[in-house]
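Engineer: For reference, the structure I am asking about is given below.
No lab work stands behind these numbers, since they all come straight from the coordinates. Note that the coordinates shown come from a computational prediction; the quantities given were computed from them, not determined experimentally. Cβ placement follows ideal geometry from the backbone for every residue including glycine, while neighbour counts extend to all protein chains displayed.
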Amino acid sequence: MLKKYRRCQYPGAIAFDVGRLQPEKLIGARVDLDEGTRLLTMMDRFPGTGVTIIDRFGVE
């Protein structure tokens, strides 16, 4: 959780504090570990936009 600081100390934290920034919009895809390793070999081609998140690691 974002610690609340005095606004004059950390003005960049204000945007998170009031909910203006939405970092989840930077996520382009969520993949499993197998797909993530395949995508690593394609890093020089930029096959999509945004950040790819590996969020599944094993057999479900």
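Engineer: State, to one decimal in nm, how far the label point of residue 22 lies from the label point of residue 41, with both points 7 Å from Cα in the Cβ direction.
Structural biologist: According to this spin-label approximation, the distance is 3.6 nm.
Engineer: Same structure, new question: Enumerate the calculated ³J(HN,Hα) couplings along the stretch 20-33 in order (Karplus 6.51 cos²θ - 1.76 cosθ + 1.60, θ = phi - 60°), each rounded to whole Hz, writing x wherever the residue is Gly or Pro.
Structural biologist: 6, 7, 10, x, 5, 6, 7, 6, x, 7, 10, 10, 8, 4
Engineer: Along the Cα→Cβ direction, 7 angstrom out, place labels at residue 54 and residue 29. What is the inter-label distance in nm?
Structural biologist: Here the answer is 1.4 nm between the modelled labels.
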